1. Only one of (1) within 12 Å of chain A (Cβ to nearest Cβ); (2) aromatic (Phe, Trp, Tyr); (3) in contact with a helix residue (DSSP H, G or I) (Cβ under 6 Å, 6 or more places away or on another chain) is not met by B:Phe125, so which one is it?
2. Of (1) more than 14 Å from every other protein chain (Cβ to nearest Cβ); (2) over 29 Å from B:Ala48 (Cβ atoms), B:His276 satisfies all except one. Which?
3. Which of the strands (runs of 3 or more DSSP E) found entirely inside the range B:129-188 contain at least 1 residues meeting this: in contact with a helix residue (DSSP H, G or I) (Cβ under 7 Å, 6 or more places away or on another chain) and modelled with pLDDT of 90 or more?
4. Answer yes or no as to whether B:Leu89 is over 22 Å from the mean Cα position of the chain (by Cα), within 14 Å of chain A (Cβ to nearest Cβ) and either crowded, with 17+ Cβ neighbours inside 10 Å or of a type outside the set (Gly, Ala, Ser) (or both).
5. Hey, can you tell me all the residues within the range A:49-61 that are buried (at least 16 other Cβ atoms within 10 Å of the Cβ), touching a Gly at 6+ places or on another chain (Cβ under 9 Å) and either at pLDDT 95 or above or assigned to a helix (DSSP H, G or I) (or both)?
6. Considering the range B:240-262 alone, what residues qualify as being over 22 Å from B:Gly177 (Cα atoms) and surrounded by fewer than 19 Cβ atoms within 10 Å (Cβ to Cβ)?
7. Pick out the one residue from A:Ile42, A:Ile73 that is at pLDDT 90 or above and not charged (D, E, K, R).
8. Taking the range B:54-79, which residues are outside any loop (DSSP other than H, G, I, E, B) and more than 7 Å from chain A (Cβ to nearest Cβ)?
Amino acid sequence: MAHEHKLEIFRGLWKFKSNTQKIWGVLVFLTFVTAIEVVLGIYKPEVLMGQVLGMKGLNWIFIFLTIVKAYYITWDFMHMRDETKALRRMVVWTGVFLICYLVFILLQEGGYIESVYSDGFIKHDF
Amino acid sequence: MNTTVATTGTEGKTWGGGSQPLKASYGKMMMWFFIVSDALTFSAFLAAYGFSRFKFIDSWPIADEVFTHVPFFHGNYPMIYVAFMTFILIMSSVTMVLAVDAGHHMKQKAVTWYMFLTVIGGLIFVGSQAWEWNTFIKGEYGAVQTKGGNILQFGEYVDVDGEQKFKRVAVADFVKGGHGERTQHQSKNGIWYVSEGTLPEYTVEEVYNGLAAHENVLVRNQILNEEGEKTVLSREESLKQIKDNGTLVVHGANLKVNEYGSPLFADFFFFITGFHGFHVFSGVVINIIIFFNVILGTYEKRKNYEMVEKVGLYWHFVDLVWVFVFTFFYLV
């Protein structure tokens, strides 16, 4: 039974000698990313609190870092890196496409209802 | 006897059957497809959370003020405990992937140990979540709910290093209760089909009297100001709000009331972390089953440990979901 693993992450920037070593390497990276998130979450630097595309800049950073973590969990812990291209695309694009669609619709609608509450004739003054 | 057609002339060709274009076993592929559908379920929940949050974007509770506790420590430590939980879950993902790796090398002993550690990690996580729920349900300061279902909280300005900072004050610290003229309605001494839940510790009137007697205490409503902090009312406005609009004293959170703000926040918190916690729990159960199978040598006899790999996929997925729950409930 052949179980070849691609033993490099960051497009070959970080190479490993064995699969076990790669697992620990990915753990170090994920811990590092989580630490950044926690530190940013506690201190909330003033520079990042400006509005970017309808949300605080910091929130975009959090979402980006989350997707980075999700990528490494899927690619290296779930061995998506070693699956065939077809399986990878089937799983990833189905999810990505449908989730983006769902999130867009619901957030758009939520924002609209908020605008009705705050600018429309419906008031809640209690 | 040879009546079936044995050859079709397509053997060895791409569409001749028997080829595995995805190079993955049936079980593994189905686990992937289950994960896709489960991911869609979770993202629907999180998107619904986003919907409600966008709807009340200017009055949503601030997570840093809600989840501030760490077991065995007093004080205000937002994020620390949940970061620990995240680390535990990632760590148990690591031991899981090490078990899969050991399985590839047919090392029964190593797989056993790594599965054991994975189960322990999962149990610590579920336990932490139970603790987090308990703290959230018990609540901390207490608040007054208005007629419209909004929350009024209490606090006072204190001098911290020459700077005026708003610090929360618990209802119990300034309200004198216990007139006790109001008895709980029970079905045995009233109309038999009507009963009443536990009564709140204080009546709104008692809170009003307490507020009137303590000059320094102010009311804070749900509306977020430009700095992203809750609006603090003036002394007159505080008294007026409690008198005119207060209907119920709430302490802690459940599916109906939430002392931290919108009840929707509590509803989604219980629902999403509960659903995730249920996944972790079932993952732990499945891991235990696999653990015993490994000990019994089931996969040694089978000469492959793919079952560990399939369960591993599920376990990593649970970790993956938590990464998102962590971001959208505690960070954003």
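The values are calculated or read from the model by the stated rules, or taken from the named source; none is laboratory data. This is a predicted model, so every value here is computed, not measured. Ideal geometry is used to build each Cβ from the backbone, glycine not excepted, and the neighbour counts take in all protein chains shown.
1. The failed condition is (1).
2. (2)
3. Hits in the range B:129-188: B:143-146, B:151-160.
4. no
5. Matches in the range A:49-61: A:Leu58 only.
6. Of everything in the range B:240-262, those that are over 22 Å from B:Gly177 (Cα atoms) and surrounded by fewer than 19 Cβ atoms within 10 Å (Cβ to Cβ) turn out to be B:Asn254, B:Leu255, B:Lys256.
7. Going through A:Ile42, A:Ile73 in turn, the sole match is A:Ile73.
8. Matches in the range B:54-79: B:Ala63, B:Asp64, B:Glu65, B:Val66, B:Val70, B:Phe73.
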